[in-house]
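Inspection log for the structure reproduced underneath, given as structure tokens.
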Amino acid sequence: MFVILREHRADGFEYLELVTALLHRARTNDATAGLWEAADLQWWWRRDQHPDPALQIFWFDDDAPVAAVIFTNWGGRWGCDVISATGDPSTVSEVVWPRALEQIDRLGSGSVEVVAEDDDVTLLEALADAGFEPTGEVGVATWMPAACRPQVSPLADGFVLLARDQTWETQPATPPRAHHMIGRNGDHVAARLAECPLYRADLDLAVYAQNGDVAGYGLFWADPVTGVGLVEPMRTEDAYQGLGLARHVLTSGLDRLAAHGCSTLKVSYIEGNEAARRLYLSAGFSPGSTSRTYRLDRQMPG
């Protein structure tokens, strides 16, 4: 059994620092195993700054985190993530998961969701024993060596690609524009992203139409510790689909990730999203692991 030396609860910026260090350690230990990059949880920071230390438990081996259970408030549901960098299944089954169940009990009524890889036998058995049921949502992680990235595709006439640190060349005196992801992520998205150590404004890309509309966007995360460049999120607005804008954003972002030293590129999609699947596979990404979302709906006694 894996010996746990120390347990610690963290909130706010300490949580963000520790979960980043933990996921860096996990990716350094295995180049492709595990669901999440450090950038994934930094992206989640825009929604939940984890103010309650009771919900984020880390375990330390010497002075570095080696495992954690993390609860993210998605509004109406909780996400529960069990993370281990040990490579030893007993860390999850004997240490982390029992504490996760204790925390779930304390949450009371509501839904709790766990995403588990299809080959994670230990976690899948634990989920079944605890009464979690599959939701039908299947995620596919895809990978590509940065050296194999495609050329940047042309941008359709009448559109311009801008990073957050760029201004309109034709109107350099215009005031700072609102962040292009406010509509889906709230007024504070720019401030929250700026708090994340892996966020770079020059990798936060959006395509604008001539009328000023945001036609599409993509956020690219360059991790200097692991060398992984993550694409999360990508979006083309409905009125501008079918114009090749997503491919231009994607290929431009991948090129910039390589310029920032990333050796490996990663993007995930939900099975059934054919537009995303075609875009990523046609750009050269290869499917890797698959994962499924499991849900536990809890009702308090009446």
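The values are calculated or read from the model by the stated rules, or taken from the named source; none is laboratory data. Here the structure is a predicted model, which means the values were calculated and not measured. So basically every Cβ, Gly included, is an ideal-geometry build from the backbone, and we count neighbours across all protein chains shown. Accessible surface areas use protein heavy atoms only, side chains included; no ligands, DNA or RNA. Shrake-Rupley method; radii C 1.70, N 1.55, O 1.52, S 1.80 Å.
General remarks:
- For the chain, the share of accessible area belonging to carbon and sulfur comes to 49 percent (1.4 Å probe, ligands and nucleic acids excluded).
- Take every Cα pair under 8 Å whose residues are at least 6 apart in sequence, average their separation, divide by the length of the range 145-302, and the relative contact order is 25 percent.
- Rounded, prolate or oblate (a/c below 1.5 giving rounded, otherwise prolate when a/b exceeds b/c) for the range 1-119 by Cα gyration tensor: rounded
- Cβ crowding within 10 Å averaged over residues, with 252-262, 215-225 ranked highest first: 215-225, 252-262
- Relative to the longest principal axis of the Cα atoms of the chain, the long axis of helix 12-29 lies at roughly 90 degrees.
- Taking other residues whose beta carbon is less than 14 angstrom from the beta carbon of HIS188, and scoring Lys, Arg as +1 and Asp, Glu as -1, yields +1.
- Low-density loop cleavage sites - chymotrypsin sites (Phe, Trp or Tyr not before Pro) in the range 40-79, where at most 16 other Cβ are within 10 Å (DSSP): TRP74
- Global geometry of the range 187-251, whether rounded, prolate or oblate, following the gyration tensor of its Cα atoms and the 1.5 cut on a/c: oblate
- Only beta bridges with both residues in the chain are counted; by DSSP, about 90 percent of them are antiparallel.
- Extreme residue, positive dipole direction of the chain, given options GLY76, CYS148, THR167 (C-beta unit charges): THR167
- Exposure of ASP105 as accessible area (Å², to 10), given a probe of 1.4 Å and all protein chains: 100
- Rounded to 5, percent antiparallel among DSSP beta bridges of the range 168-302: 75
- Between the entries [x] 29, 25, 19; [y] 35, 20, 19; [z] 55, 21, 19, the label attached to semi-axes √(5λ) of the Cα gyration tensor in Å calculated for this structure is [y].
- When only the Cβ of Lys, Arg, Asp and Glu is charged (+1, +1, -1, -1), the dipole of the range 259-302 relative to its Cα centre reaches about 60 debye.
- Note on the chain: with charges restricted to the Cβ of Lys and Arg (+1) and Asp and Glu (-1), its dipole about the Cα centre is near 780 debye.
- Segment ALA33..PHE13, full-extension length gain: 4.6 nm, with 0.36 nm per residue of separation and the alpha-carbon distance subtracted.
- Relative contact order for the range 45-171: 15 percent, from Cα pairs under 8 Å spaced at least 6 residues apart, divided by residue count.
- Gyration tensor verdict on the range 222-302 (Cα atoms; rounded if a/c is under 1.5, prolate if a/b is larger than b/c, oblate otherwise): oblate
- GLU14 contributes about 80 Å² of solvent-accessible surface, heavy atoms of the protein only, 1.4 Å probe.
- Relative contact order for the chain: 22 percent, from Cα pairs under 8 Å spaced at least 6 residues apart, divided by residue count.
- Projecting the Cα atoms of PRO224, ALA246, MET234 onto the charge dipole of the chain (Cβ charges, centred on the Cα centre) puts ALA246 farthest toward the positive pole.
- A simple charge model with +1 on the Cβ of Lys and Arg, -1 on the Cβ of Asp and Glu and nothing else charged puts the dipole of the range 190-295 at about 320 debye relative to its Cα centre.
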